[in-house]
Each structure stands twice: as structure tokens, then as C-alpha cells.
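Structure record follows, encoded as C-alpha cells.
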Amino acid sequence: MSRLLRTAAALIALASFAQPAAAQDGFRLGYTDIGPTIGLGGIGSASIAFGLRAEHAFRSMPDLGDGIIGVQAGADFYSWSAPGAKWSYIPIGATANYHFNLENDKIDPFLGLGLGYSIVSCSYSGVDDLCSNSALYFIGRAGARYFFNEKMSLYGDVGAGAATLNLGFMLRLK
């Protein structure tokens, strides 16, 4: 098992023992967080993507289930290779996420839509036509946070980007 996977497993184990805060606030207006992610199920032969997510909650939606709209920015990195060729991708994107209003503040499910730009570089010993170009792409995402306490949450999303499933830890800034 690689050092990165051992570190991720240790962080997950540590977080699972974290004591919940006395007053749980969850995702609310003004909430801001940032954190690293590890993506699984990448494109081609890529096995793991490394990323960063940040989100800010800025608008209440009382006429739409009393949810909250947040703006999320994210960037990832992954690469893969085949005999004689190597590709690396840096997808950068922004989404508008709708966070559902639940009575349980420890759980924060959301759906998001946005745009991304994938920066692609490749090397190939042969025909250059096998290298793909950087391009815009649409983002569709479903995800959730589970708050261990008022400062830290476990994060997960599925959808477009560097990987099929992204998992990470978010640290509340505000």
C-alpha cells in the first residue's frame, strides 16, 4: 500500500473518533470551507486524482425548499500512461451547489452544476494526433458532507471532473 493511501486511511480513522461539537451548525449562510480530496475511478488508466475544493454559502432559497446556494471551486491533478505515451490532466472548475435543508445539521447533501476547463498535456513517441487538447466541460455533481464537529467534515462527491468519486476532509474557515 502506498504511503499516500496509508496516510488517507489514518486520517479517516482519526476523524471517525473526533468528538462532535456541543452545538452543531452545519452548512449555513456565510459558511466557508476548504480541503483536499482524493479521486478514485479516473479516466483511462488513471487510478488516483489529487484535488482541492473550496466552497462558500452565499444565498438562502426560502422559495425552493429553504435550501442554500453555495459556490464551489475545485482543481485536481491526475495522469496516466501507456507504452510510449503519457497524459496529465488538471481540471479546474466552478459549480453552483444547492444544499438541501435537513433537520439533521450533521449531514449536508447537495447537487451542483457548473463549468470546468481541463488543461491537458501529453507526450507521445509517434503520431501527435493521439494527444487530446485542453477544453471546456460541463460539471454535474452530487455530494454530501458529514460534520464530525463544527470545524471539520468528511466530504464526498460523484460526477464530472478528474474522478468518478472524490473523498476528502473539509476544514471550516468561517
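Hey, I68 hits all of (1) farther than 25 Å from L136 by Cα; (2) free of Cβ contacts under 8 Å to residues at least 40 places away in the same chain but one; which does it fall short on?
The failed condition is (2).
Which condition from (1) at pLDDT 90 or above; (2) closer than 20 Å to L64 by Cβ; (3) surrounded by fewer than 15 Cβ atoms within 10 Å (Cβ to Cβ) is the one that L115 breaks?
Failing condition for L115: (2).
Quick one: would you say L165 is of a type in the set (A, V, I, L, M), more than 18 Å from G35 (Cβ to Cβ) and in contact (Cβ under 8 Å) with a residue 12 or more places away in the chain?
So L165 does not fit the description; no.
Out of I69, I119, I92, I139, which single residue is touching a Lys or Arg at 6+ places or on another chain (Cβ under 6 Å), assigned to a strand (DSSP E or B) and not small (G, A, S)?
I69
Could you tell me whether N97 is surrounded by 15 or more Cβ atoms within 10 Å (Cβ to Cβ) and either touching a residue at least 24 places away in the same chain (Cβ under 8 Å) or not in a strand (DSSP E or B) (or both)?
In short, yes.
Give region 134-143 a look and list any residue that's in contact with a Phe, Trp or Tyr (Cβ under 8 Å, 6 or more places away or on another chain) and surrounded by fewer than 16 Cβ atoms within 10 Å (Cβ to Cβ), or say none.
S134, A135, L136, Y137, A142
Going by the structure shown, is S125 at pLDDT below 95, among the small types (G, A, S) and surrounded by 14 or more Cβ atoms within 10 Å (Cβ to Cβ)?
no
Tell me the residue from S81, S45 that is surrounded by 13 or more Cβ atoms within 10 Å (Cβ to Cβ), within 25 Å of T164 (Cβ to Cβ), at pLDDT below 95 and over 15 Å from the mean Cα position of the chain (by Cα), please.
After ruling out the rest, the residue left standing is S81.
Name the residues in region 146-165 that are at pLDDT 90 or above and of a type outside the set (D, E, K, R), would you?
Result: Y146, F147, F148, N149, M152, S153, L154, Y155, G156, V158.
Read through the list (1) modelled with pLDDT under 90; (2) in a strand (DSSP E or B), then give the number of the only condition that G51 fails.
Unmet for G51, out of (1) modelled with pLDDT under 90; (2) in a strand (DSSP E or B): (1).
Would you confirm whether any residue within region 123-133 is part of a strand (DSSP E or B) and not aromatic (F, W, Y)?
yes
Name the residues in region 16-37 that are outside any loop (DSSP other than H, G, I, E, B), modelled with pLDDT of 70 or more and surrounded by fewer than 19 Cβ atoms within 10 Å (Cβ to Cβ), would you?
Listed by number, the residues that qualify are T32, I34, P36.
The values are calculated or read from the model by the stated rules, or taken from the named source; none is laboratory data. Treat the numbers as computed from the prediction; the structure is a model and nothing was measured. No Cβ is skipped: glycine too gets one built from the backbone with ideal geometry, and neighbour counts run over all protein chains shown.
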